[in-house]
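I have placed the structure first, in the form of structure tokens, so that the comments after it can refer back to it.
The values are calculated or read from the model by the stated rules, or taken from the named source; none is laboratory data. None of these values were measured; they are calculated from a predicted model. Here Cβ is always computed from backbone atoms with ideal geometry, including for glycine, and neighbour counts include all displayed protein chains.
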Amino acid sequence: MGGLLVSAQAQIKKDISFGVPLYERIEKTGVEAQPELHLILRLPKGHSVETPTAKGVLAFCTWQGEADSLRSRLASDEDGLVAYAEKHQLALLTWNTATLWTRGKSYDQVNRRTLQGQDNAFDKMARVWRVGVGKICREFALPEDGFLLYGFSRGAPWGGRLALRLPDKFLAVYIHVANSYDKPSGSAAEPLWLVSSGDLDRGRDNAIAFYQECREKGFPMMLKVQNGLGHAESNESAKLRTAFFDYAMKIRDEAKQSGRTPAEVVLEALKTSDLTGDLLSQEVVRSEETEKIPEIQRVKLPDEEFAKAWGFLREKK
């Protein structure tokens, strides 16, 4: 491709064919189903190695596997993720994905041999991702942790598995309409989590089960099941994504001032908040009305601003 320029120092290619400088690195994975990891980066305006201005990294992955599709999305100023990254001076990072799990089945719905093979494959993928992303971040003077992560469709189970293995890399993780979930471990409760699905998506029940297991294990996690939504994004899910990432960055700053971790701040907020969402009706109620919601439908919400993005919050009388 005529728009590719190569940096010999880091084996990173600069692509200008879509009108915006994009930087790419390809890593060999040793995983048969996804032999290469194609990392593509867009820097915020004004950022350079000499004067680094990026305040963080927004990472995302979807069902897309073709490099040109990934480049096209990163280059589009009309894309919601691109606009969000630019507004907050974040570098934007994406990559290709492949299905490295059994479609529609979580870790406890496949046999032990199958699960072991899937775990081995993704363990390799996570190690390659860490190394490749680390090289890109050092090459461009970017932060190497505290990432925001969004995964959609095939990118949701891919991103979720990544965050479970590399929790130290992420401030906040939002996975939308995944249909397969890996086993959560206590160490992965470090980032803030948001899981969402649609009530018409076949992964809905697995999403609810994952949320319940994670909350039992102390994860700072929220759940949303959007009425009338199938396997798709929506204006509502985009609004929720913005509210969640805004909340995560606010909590990051609050945690620094108080000497706590973001997870500790959010867990305390979920424990003390008087706001509870009804998973079915999408209504948010205050503490005096919580008993009206069946326990299995309750989702604790940390504050009013996020609750208003999550569902319908009645104003105080």
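The residues listed here are LYS87, LYS13, LYS55, LYS105; of these, the one that is in the same structural domain as TRP158 (by TED's automatic domain parsing) and more than 21 Å from the chain's Cα centre (by Cα) is LYS13. Among the criteria (1) under 22 Å from HIS88 (Cβ atoms); (2) under 16 Å from the mean Cα position of the chain (by Cα); (3) crowded, with 16+ Cβ neighbours inside 10 Å, the one ASP145 does not fulfil is (3). If only residues of segment 192-206 that are more than 17 Å from LYS300 (Cβ to Cβ) and not charged (D, E, K, R) are counted, the one that is surrounded by the most Cβ atoms within 10 Å (Cβ to Cβ) is SER197. Determine if segment 106-113 includes at least one residue that is under 25 Å from ASP246 (Cβ atoms) and not β-branched (Val, Ile, Thr). Checked against the condition, which is being under 25 Å from ASP246 (Cβ atoms) and not β-branched (Val, Ile, Thr), segment 106-113 yields no hits at all. Picking from residues in segment 149-202 that are at pLDDT below 95 and assigned to a helix (DSSP H, G or I), the one that is nearest to TRP129 (Cα to Cα) is ALA188.
Taken over segment 207-232, the criterion of being under 16 Å from the mean Cα position of the chain (by Cα) and crowded, with 16+ Cβ neighbours inside 10 Å is satisfied by ALA207, PHE210, TYR211, CYS214, PHE219, PRO220, MET221, MET222, LEU223, LYS224.
Yes or no: GLY134 in the same structural domain as GLU236 (by TED's automatic domain parsing), free of Cβ contacts under 8 Å to residues at least 40 places away in the same chain and under 17 Å from TYR107 (Cβ atoms)? Judged against the criteria, GLY134 is not a match.
Criterion applied to VAL110, VAL20 was being under 25 Å from ALA178 (Cα atoms) and of a type in the set (Val, Ile, Thr), and the one residue passing it is VAL110.
Residues that are of a type in the set (A, V, I, L, M, F, W, C), closer than 30 Å to LYS87 by Cα, in contact with a Ser or Thr (Cβ under 8 Å, 6 or more places away or on another chain) and surrounded by fewer than 20 Cβ atoms within 10 Å (Cβ to Cβ): does segment 249-259 have at least one? The answer is yes, given that some residue of segment 249-259 is of a type in the set (A, V, I, L, M, F, W, C), closer than 30 Å to LYS87 by Cα, in contact with a Ser or Thr (Cβ under 8 Å, 6 or more places away or on another chain) and surrounded by fewer than 20 Cβ atoms within 10 Å (Cβ to Cβ).
Kindly indicate the residue of segment 83-117 that is over 21 Å from ARG161 (Cα atoms) and out of contact with any Leu (no Cβ under 6 Å at 6 or more places or on another chain) and also surrounded by the fewest Cβ atoms within 10 Å (Cβ to Cβ) among those meeting that condition. Ranking the candidates gives LYS87 first.
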